[in-house]
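The values are calculated or read from the model by the stated rules, or taken from the named source; none is laboratory data. In this text the structure is predicted, and so the values were computed from the model without any measurement. No Cβ is skipped: glycine too gets one built from the backbone with ideal geometry, and neighbour counts run over all protein chains shown. Just the protein is used for accessible areas: all its heavy atoms, side chains included, with ligands, DNA and RNA removed. Shrake-Rupley method; radii C 1.70, N 1.55, O 1.52, S 1.80 Å.
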Amino acid sequence: MDIGQWGFLFGVLKNSTVSLVTYKREKMKKYSFLIVIVVGLLMLSSCSQELAVTSLDGRGTPVRFSVTAGQMKNVNGTIATRSADLTKISESEITNLWVLQFASDGSFLKSVYIPAASLAAVDVTLAPGTGTHVYFLANWGLSLLSSFSGTETAFSTLTRTLTGEGDLLFSGSTVSGKSDLPMISAKQTVTVPTAGYVDMSANVITMNYAVARITLSYKVTASNFVLRRIRVCNIPITHELCPPVVAKTTPTYPATLTSTTVFNTDYTTVSSNTGSITYYVPENQRGQTSSNTVESQKSGIAGDYPTYIELVGYTTINDGRGEIHYRIYPGGDAVTDYNIVRGIQYGVEGNLTGISSIDSRVSEQTLANSYVLAPGQTVYIPVKRANQSDLGIQFTDVTSSSLTPFSVWQSASGLVTSTMDNVSGCIAVTAPSATATGNAVVAVKSGSTVVWSWHIWVTGYDPSVMNLTQNNMVWMDRNLGALAACTGSNTVDQTGGLFYQWGRKDPFPGVTSGLGETSTYYNGSTTATTGLYATANANTTGTTAPNYNLALAIKNPSTFYYGASGNNYDWYTPGSSGQNNYLWIMGSGKTVYDPCPAGWRVPLSGAWILSGWNAPSGTSNTNYGKWTYSGVTSYYPASGWRDKANGGLGGVGNGGNYGSASTSGTSQIYLVPQNGSVVQGNIGRALGISVRCVKE
């Protein structure tokens, strides 16, 4: 089935026809989102508390304001509905206020922080001046402006850096367990006398949202498809306090975006095919428009990083497909505009109803044997992968209740948990800790027989962002399974990663204690074990052609099949006549046994050009492996190996071997960085060595 057939129709009833997406573009309304509390005139000292007060001359005059939150409305002028999910956000609350005052020429006069205030009577002492400019900022917190004393122009371009949605919101809400939205007022022109009192509370100052709101309402009615994850992608890390001067014309905002100046929200796991979800994001309005003519063509602008919603689901039929990704691009309209503007709600409503061959917004992430899982998140792994190998169809129903997941090993107790999601035909693997990183192997049984297993790499590392380009190829900047990229100063237990026998998909634990040759893992989830968990002699187990030990290796992912000289040190077969040279490579592409995540693969031996290396001097354990390759500094740590004849750890801190998908005669070809030089060698295929993945 061609991937083009998996375009999904997001439809709503419109004149008896199906329309792909209906958008609501909503602007802020300049009247109350809160009911202004009417109170009597109180003593000024009882209405608010000022902190972090600065002034050029120390003098001041009391001024009273009243403040309220703004409100969104639909493009037709009707009031917009509130966010569908207010469990974590208090949209209308104003928890704290900054008041900034500038002279008419833009020079700084004063700043005041009010941690709590009666919004109907905000009392501040301002510096005297004619036509001064006053700004109010709500829900930004004390630290943001505590040291600011620049000009009004500098203030208008002030930014903060974001790493996630939590940075965008204020977490100090007085509403238990919720966060507040940052707001800012328009410029207020105020003449402050040198003495007396000014009451401006009759003119209520409207606070405008400094974020946009994206709300997706979804309903899936497509057969044989289950929705499981949703996120928002390409969110700029730069957030301006004041509205950027942008109207889909130059200059745009942000000026440029790259893969390192945007971030994605962590996946939100959904358990139903119907629901609603809301995200808050900074503006991403860079004049992004296209010449699309229909909604199904709104599939992004190459290199421009527009913000989009990504829905991920799975087909429940045994078709060999992996994750299906569907992208929706909110904006000023449903066809050509990609701009996200602060203070505007982008509502996306629709039904995922069927299959289309013309939708360019759908893509497929192929099935893999390794999954990168962020701490605290969940990944869904289609069990249909088990039916793609040389073993053929091992079960016919991917949603069968007879399929049960379990943990083969993990590097820390409780690192991951796994359950069977029989609705989608996936294993749901969760890393419950928001901070713990490590590695695990989970498997699924059909009855009592293991039919497939997967490596779970629990890490905050994103290989699509953190990588190196060398020899015209994109490489991960660390070993597969490493807990950190090698810098020449950290130890092998963090940088070494996992070990792989040539042609096998399942990893074996690497070093877990400094530079010592020890490896501790947890059998299941609680029992700690030191050393290798199981070994078997390939000479005595591999007796049936043509697959020899392949079926055993799949059924026993925790067994290291060692070789002896009589079988060319191969785990797969007892003799050279039965060797398989295509376990990791078929043509020029990866096979079903490749251990790298989707989109990555084990490199061919030609990926390394030996003359392109500049080797360091010295063999210090802390800096061994620092190389300059094709003009780019990279690190290949001395992670050691697992011996081909017994599976034991060796060479840790002194040598590193890196596998390729290529073979030579009866051996595998591998990279050997060593003191003063880098060579390619040939060695038995039962050796367990490191893997550095390259992008497909």
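Observations, loosely collected:
- All conditions but one from (1) outside any strand (DSSP E or B); (2) at pLDDT below 90; (3) open to solvent by 30 Å² or more (accessible area, probe 1.4 Å) apply to residue 423; the one that does not is (2).
- Residues of the stretch 573-591 that are assigned to a loop (DSSP other than H, G, I, E, B), of a type in the set (Val, Ile, Thr) and modelled with pLDDT of 90 or more: 591 alone.
- Residues that are open to solvent by 60 Å² or more (accessible area, probe 1.4 Å), at pLDDT below 95 and assigned to a loop (DSSP other than H, G, I, E, B) do occur in the stretch 470-477, at least one of them.
- Residue in the stretch 549-560 that is free of Cβ contacts under 8 Å to residues at least 12 places away in the same chain, open to solvent by less than 30 Å² (accessible area, probe 1.4 Å), closer than 21 Å to residue 691 by Cα and under 33 Å from the mean Cα position of the chain (by Cα) present: no
- Unmet criterion (only one of (1) open to solvent by less than 60 Å² (accessible area, probe 1.4 Å); (2) touching a Ser or Thr at 6+ places or on another chain (Cβ under 7 Å); (3) modelled with pLDDT under 85) for residue 653: (2)
- Residue 271 being surrounded by fewer than 19 Cβ atoms within 10 Å (Cβ to Cβ), modelled with pLDDT of 85 or more and within 17 Å of residue 329 (Cα to Cα): no
- Residues in the stretch 346-393 that are closer than 30 Å to residue 182 by Cβ and open to solvent by 10 Å² or more (accessible area, probe 1.4 Å): 349, 374, 375, 376, 377, 378.
- Selection status of residue 578, farther than 30 Å from residue 448 by Cα, free of Cβ contacts under 8 Å to residues at least 40 places away in the same chain and surrounded by fewer than 19 Cβ atoms within 10 Å (Cβ to Cβ): no
- Of all the criteria given as (1) crowded, with 22+ Cβ neighbours inside 10 Å; (2) among the polar types (S, T, N, Q); (3) more than 25 Å from the chain's Cα centre (by Cα), the one not satisfied by residue 290 is (1).
- Condition broken by residue 124, with the remaining ones in (1) at pLDDT 95 or above; (2) part of a strand (DSSP E or B) satisfied: (1)
- Residue count for the stretch 426-455, restricted to those that are within 22 Å of the chain's Cα centre (by Cα) and either closer than 22 Å to residue 271 by Cβ or assigned to a strand (DSSP E or B) (or both): 16
- When 242, 233 are checked against the criterion of being farther than 25 Å from residue 92 by Cα, surrounded by fewer than 20 Cβ atoms within 10 Å (Cβ to Cβ) and of a type in the set (A, V, I, L, M, F, W, C), 233 stands alone in meeting it.
- Selected residue (only one of 553, 607, 545 is over 23 Å from residue 498 (Cα atoms) and of a type in the set (A, V, I, L, M)): 545
- When the strands (runs of 3 or more DSSP E) confined to the stretch 137-227 are screened for residues that are open to solvent by less than 60 Å² (accessible area, probe 1.4 Å) and under 24 Å from residue 120 (Cβ atoms), those reaching at least 2 such residues are found at 183-185, 188-192, 205-209.
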